[in-house]
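Trainee: Following this message is one structure expressed as structure tokens.
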Amino acid sequence: METCSPDQLAQFFGANATNATAAASYICGRFTAVSASLSDTSYAVDSTYLLFSAYLVFSMQLGFAMLCAGSVRAKNTMNIMLTNVLDAATGGLFYYLFGFAFAFGSPSNGFIGRHFFGLKSVPSPLFDYSYFLYQWAFAIAAAGITSGSIAERTQFVAYLIYSSFLTGFVYPVVSHWFWSSDGWASAANTDNLLFGSGVIDFAGSGVVHMVGGIAGLYGALIEGPRIGRFDHGGRAVALRGHSASLVVLGTFLLWFGWYGFNPGSFVKILAPYTTGSYYGQWSAVGRTAVTTTLAGCTAALTTLFGKRILSGHWNVTDVCNGLLGGFAAITAGCSVVEPWAAVICGFVAAWVLIGCNKLAEKVKYDDPLEAAQLHGGCGAWGIIFTALFATKKYVEEVYPGKPGRPHGLFMGGGGRLLAAHLIQILVIIGWVSATMGPLFYGLHKLKLLRISAEDEMAGMDLTRHGGFAYVYHDEDDPHKHGVQMRRIEPSGSS
Amino acid sequence: METCSPDQLAQFFGANATNATAAASYICGRFTAVSASLSDTSYAVDSTYLLFSAYLVFSMQLGFAMLCAGSVRAKNTMNIMLTNVLDAATGGLFYYLFGFAFAFGSPSNGFIGRHFFGLKSVPSPLFDYSYFLYQWAFAIAAAGITSGSIAERTQFVAYLIYSSFLTGFVYPVVSHWFWSSDGWASAANTDNLLFGSGVIDFAGSGVVHMVGGIAGLYGALIEGPRIGRFDHGGRAVALRGHSASLVVLGTFLLWFGWYGFNPGSFVKILAPYTTGSYYGQWSAVGRTAVTTTLAGCTAALTTLFGKRILSGHWNVTDVCNGLLGGFAAITAGCSVVEPWAAVICGFVAAWVLIGCNKLAEKVKYDDPLEAAQLHGGCGAWGIIFTALFATKKYVEEVYPGKPGRPHGLFMGGGGRLLAAHLIQILVIIGWVSATMGPLFYGLHKLKLLRISAEDEMAGMDLTRHGGFAYVYHDEDDPHKHGVQMRRIEPSGSS
Amino acid sequence: METCSPDQLAQFFGANATNATAAASYICGRFSAVSASLSDASYAVDSTYLLFSAYLVFSMQLGFAMLCAGSVRAKNTMNIMLTNVLDAAAGGLFYYLFGFAFAFGSPSNGFIGRHFFGLKSVPSPLFDYSYFLYQWAFAIAAAGITSGSIAERTQFVAYLIYSSFLTGFVYPVVSHWFWSSDGWASAANTDNLLFGSGVIDFAGSGVVHMVGGIAGLYGALIEGPRIGRFDHGGRAVALRGHSASLVVLGTFLLWFGWYGFNPGSFVKILAPYNTGSYYGQWSAVGRTAVTTTLAGCTAALTTLFGKRILSGHWNVTDVCNGLLGGFAAITAGCSVVEPWAAVICGFVAAWVLIGCNKLAEKVKYDDPLEAAQLHGGCGAWGIIFTALFATKKYVEEVYPGKPGRPHGLFMGGGGRLLAAHLIQILVIIGWVSATMGPLFYGLHKLKLLRISAEDEMAGMDLTRHGGFAYVYHDEDDEPHKHGVQMRKIEPSGSS
């Protein structure tokens, strides 16, 4: 808001006014006070928006925990849930100590940040605590993805090591490249844009989902499939998760949290595009929530009918995975595409996931949660999708300060955005391969990666985590309940 | 906010000021800038409020899924959860394509809307994306209610058909009548109010809950009770749900989501009643949350003691249903009644539900989730309750622009509101009967509605959805766990 | 915001302006309109913030329900979940009728409030409905804590009585002491601060967690351990909960809700520390969320490795309890300590919890959810921690209007805050002992407290609550049927 200048106003009043200067400075004093409270208000509004978005993103960790728990066999439930709790816990410490610094420690070079270790000199005019919290919730999501791929057969120590490494170093560096204003491929790095465009990975189809998925891919590849996943004939045998209820619970919680993940990535909601108009960033935020919803819904329906034709079942766990695939795909472009494009995004994502799963089975790749296929495959599709369907208007609104920047190929925006996004896919694959690959391989060589066959058969809960996760009947006569229940039934909840 | 007029101000300064016009326009320029940023702020605040309310309402879908899953037998869990996931997914697409247009496509006639198909020309000064998202979350809630009534015995295809029809046409039309500014019975249709009053169904006891409940009623009536629900002697046999934990989880999630459902229906929170005062719409929003809470709490306690006397048990699932009945009842009047009235509302709602259940048993009506009784019965009571207890002050604050409009009968507001509300109940019953009744009957005739007796005995999960929802023990020796557990117990979590 | 005075402005314009008064009043009229809308905006923003925080705190009740359900044996699941639902329901009515009045009914004496019964004359300039909702969510949390300690062996009637009493009277009085501006030990009672400092229990390590924990302690002590918890040799036998998934679900939901519990306790987010700057209460709110997170994370990791060494297992339920212990501890000081201090807080909290559990086992105290150890023990540590690490800057920002007030001992703030906090611990223990102790003892004497041994063996769900919570297999088909069919259809399953 333009500031009020006493001198200028005094001139207007001129000499005739008894005390023009005083009048002018008096009036302008009021105006300064007003704009100060307006700035206070906008800080409060944006912080409220960002904090509650961060809480939603955090709830995705609960979603991952339930999804993973339901998708593994009962004998490994404690193990997988512990890993999910620790993703959040270790993530919190490591991201606080240096993860955030590596990711957003500008001013810095294009490769890695170097300020704000341990939140030193935060809050600053650039970053407030709420921003750290929001980014932390993103970081642990990436680790949560990976833990799914290597579930049911990985030593707990190995898990602790890769998780800290991923959250504390691998992921932060990637997010620095694409999200920090200094990042070499960031769309915010306006004075030096990659291909004059930069990468538009708005909420992290690549930065979060591909990173997590590919990390999982290496882990799962190196330790190999679970015992019994492929029979002697090499035919795939489904090792069904132990609770579809937990899978659905987890999926819905992830859906819920995604409303913090995608629309929340605007960070600010009080940002007019043309001040005083009904249309501003608040509308873009709402549009992002809508595109997210539509992509997921379409992917779910496509999977439903697709799998019905292929497998003959109406399968709820597949529908849940399809839904999540749609979300993972729309994440990159959610803010810069039209709602109708989101429908296309979801439709293709569903088939990408189905294809990846077929491929995984063919190459005998075992991923208990389909995490690599889902987050890796659909994430990659999402990056390409954005480069094809990003609209000019939205790109310039969401990434301002550089009119006429490239947008989606199919929208007549030329191929430079697509080029940048292909580069993104390549460098993410390269970087994760160069860091997580050797890590998992080293752990493998050191016999720290995979558990023993006996442990795997017995289940890690019994051998490592102090017991089975469920005790539905006391040790004494298991039939007792059944009997008593039948007796009291008529007076039950009717 | 009154705008600043340079001419007028210039006159005040008069000729003596060196440049009165310049001074005046300068000052007014500042003021215009200020009111512009104030309008930006209010858009941002209201959008934040509406979006997060929409997220809460969405979380009710998770609540429905868990509530339904826990209330059916284990062998049908996958089926019911799939329907809940698809309520959200199909609902998303259909409501995007035409549902929202039918409901809010004004300017239009009083019966059905006709703009904004596929969100065309949204955002407009009237509707932003966030409003669509919020209304979508409402639409899928209605479908979620119905799926409970026809659980455990309905063909999946039949479910897909009615769900799309309900979310895409039946529900939107009803919401147009009572919520769109063009609706023939809407309280916002100020120049042509039904009985000079219009229907005050603030958050949808009728529009959402009765519609969903009555649709379920027809479905359940036409396909008849589950096998074994009534024995040869005609005595009711409780077919207990398989997991009370899921029921409680779902209930609490619905409670959580209801804070988006009822207070969120204000759509705007930054709306002063007298500007500059501490009392404004933000207080009304808080009051709505309080009335909602009190109604539910009272209903829960009433049910607790009521069922204790009737059945001799302290039954948690009944308490949960009673709680939800209280919420369904207060939904219509939550914003226009005093907190003490909410207590009355909840108390009666609990008895209404108990009565409806007794009646349902007498007429051998089987509703696995008591959805028709709960949402239909308590919803209808809520509509009447509003017509009795709506206070003058609150009605005029929440529905402004028409002072002296009728309010609650017991509050001295005359009977016209009651008359309008009785009309509402009748037309909703009529409309749903005229649309969903024939649909279900047609499906029934086409043998598409009910599954075969064999499928029903075996459970739909095994026959249609690829397997049982739970696998707590591997195929090999089931006693293993028990034994090993006992062995390691002493070192367990103590 | 300073108001605009027409007279003053008119003088400035002076006689020459054709109509100085009109001009001045015109301009000032615009300004008052502006500040009016600014005040509207701030009410709306703060209400939005407070309401959604209240919703988050409410979700902790769901967290408690799932945590309790998972931590008890399957045969008592319905019972414990019912108690959790009723904590919220009964709490809602009693807190509406008089709980809120006792807690915040100022003007009043320092001991108990006396206005706003049944929300009479709310909203007032001081309190809006959203504030009541937020405080209600806190009140039911306290009751939720207690129900964990006495789980699996308490009569339902006894539960109903103590729950109403705790939510309606015991807890509100304590919250009045430390949170109401009239409270004798409140940090907001600026003209009469205890030791010139008052107690800084920002979000209630003492007011909520210690109260709930100690109430549970008395209940559990008086009715004694569950049958089989300690064998004939007196060795402790773990009575494992029936579902670790529910435990983890509950823990994460509590974590989620704690973001409403701690940062939400600011009540207002639109409060500049110096207007126009990027640093204001919104930053403090964010910092509070960060300290909360770090304390919990550190406690979880400490517990993980600590228990690994002690018990040889990587135990998820213990990690969950450690995590919650860290949260309970940071709750008091979350808004006035640096993030690095939160790490210390969490680290110590984990060991406090482990120690309390060892002690509980030694004295044969049985608490199915470790509620007394966790909320009582870690809560007490949190109170002391705050008195040691509260920083001057943050204390003066969060509790304004009294510069130079005492802060953390280790931060050079002197011992007066610590003294006040030790007083707090003592009075809370005293008050809860004086109220809940006799109540539980009376119920015990009246044979209303503990269920019969038969009921306890059979499980309360079957004897009192209409049946077992889970039915995974129908009565008709033998349990192997599923397994068989499953194996048959597996290849086409979700692959």
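Trainee: Pairs of lysines 8 or more apart, or on different chains, with alpha carbons under 30 Å: count those in region C:45-450, would you?
Mentor: For region C:45-450, qualifying lysine pairs total 20.
Trainee: Quick one: in region A:144-216, what % of C-alpha pairs are over 21 Å apart? If you can, show how the numbers build up before the last one.
Mentor: Working: 920 of 2628 pairs.
For region A:144-216, the fraction of Cα-Cα distances above 21 Å is 35 percent.
Trainee: Oh, and also: What's the FRET efficiency of B:D191 with B:R308 using the Cβ-Cβ distance as r and R₀ = 41 Å, to the nearest 0.05?
Mentor: Approximately 0.20, to the nearest 0.05.
Trainee: Please rank B:C356, C:C68, fewest neighbouring Cβ atoms within 10 Å first, as an exposure proxy.
Mentor: Ascending Cβ contact count within 10 Å gives the list B:C356, C:C68.
Trainee: Could you work out the relative contact order of chain C, using alpha carbon pairs under 8 angstrom and six or more residues apart, expressed as a whole percent?
Mentor: Relative CO of chain C lands at 19 percent.
Trainee: Expressed in nm to one decimal, what extension gain is obtained for the pair B:I227 and B:K402 from 0.36 nm per residue of sequence separation less their Cα-Cα distance? Show your work: numbers first, answer last.
Mentor: Working: separation 175, 0.36 × 175 = 63.00 nm, distance 5.45 nm.
Fully extending the segment from B:I227 to B:K402 adds 57.6 nm.
Trainee: Counting Lys +1, Arg +1, Asp -1, Glu -1, what net charge surrounds B:L193 among other residues with beta carbon under 12 Å of its beta carbon?
Mentor: +2
Trainee: Where nothing but the Cβ of Lys and Arg (+1) and of Asp and Glu (-1) is charged, how large is the charge dipole of region C:45-450 around its Cα centre, in debye to the nearest 20?
Mentor: Using Cβ point charges on Lys, Arg, Asp and Glu, region C:45-450 gives about 760 debye.
Trainee: If you count, for every residue in A:151-162, the Cβ atoms of partner chains within 10 Å of its Cβ, what is the mean?
Mentor: The shielding value for this peptide is 1.
Trainee: Also, I was wondering about something else. Say the dipole of the protein assembly as shown comes from +1 at the beta carbon of Lys and Arg and -1 at that of Asp and Glu; which of B:F156, A:L270, A:I451 then lies farthest toward its positive end?
Mentor: A:I451
Trainee: So what's the back-of-envelope 222 nm ellipticity for chain C, counting only DSSP H runs of four-plus at -39500 (n - 2.57) apiece and dividing by all residues, rounded to 500?
Mentor: -19500 deg cm²/dmol
Trainee: Mean 1/r over all different Cα pairs, inverted: what Kirkwood radius does the protein assembly as shown give, in Å? Walk me through the numbers on the way to the answer.
Mentor: On the way: mean 1/r = 0.0307 Å⁻¹.
Taking every pair of different Cα atoms in the protein assembly as shown, averaging 1/r and inverting gives 32.5 Å.
Trainee: Averaged over every viewing direction, what's the projected area of the C-alpha convex hull for region C:45-450? Give it in nm², one decimal, please.
Mentor: Reported value for the Cα convex hull: 18.5 nm².
Trainee: Which residue, chosen from B:S245, B:A139, B:A185, occupies the Cα position most advanced towards the positive end of the dipole of region B:116-253, where the dipole is computed from +1 (Lys, Arg) and -1 (Asp, Glu) charges on Cβ about the Cα centre?
Mentor: About the Cα centre, the residue reaching furthest to the positive side is B:S245.
Trainee: I've got another one for you. Which parts of region C:108-140 would a label at C:F169 reach, counting a residue when its backbone N lies under 15 Å from a point 7 Å out along Cα-to-Cβ?
Mentor: Residues C:112-113 fall inside that zone.
Trainee: Okay, which of region A:374-416 sit inside 16 Å, backbone N to the point 7 Å along the Cα-Cβ direction of A:S433?
Mentor: A:376-377, A:380
Trainee: Quick check: net charge around C:N274, other residues with Cβ under 12 Å of its Cβ, Lys/Arg +1 and Asp/Glu -1?
Mentor: Computed value for this residue: -2.
Trainee: Within region B:61-89, find all residues whose amide N lies under 20 Å from a label point positioned 7 Å from the Cα of B:D455 along Cα-to-beta-carbon.
Mentor: Flagged as within label range: B:69, B:72-87.
Trainee: Oh, and also: List the residues whose amide H sits under 5 Å from the amide H of A:R450, counting only those 5 or more places along or on another chain, with H placed 1.01 Å from N in the peptide plane.
Mentor: A:Q155
Trainee: Are there DSSP H segments in chain C that both extend 30 Å or more along their axis (alpha-carbon positions) and score a mean Kyte-Doolittle hydropathy of at least 0.5? List them, or say none.
Mentor: In chain C, the long hydrophobic H runs are C:20-71, C:129-149, C:281-311, C:339-362, C:416-445.
Read-outs throughout are calculated quantities, based only on the coordinates presented, and are distinct from any laboratory measurement. In this text the structure is predicted, and so the values were computed from the model without any measurement. Cβ sites come from the backbone with ideal geometry, for glycine too, and all protein chains shown count toward neighbours.
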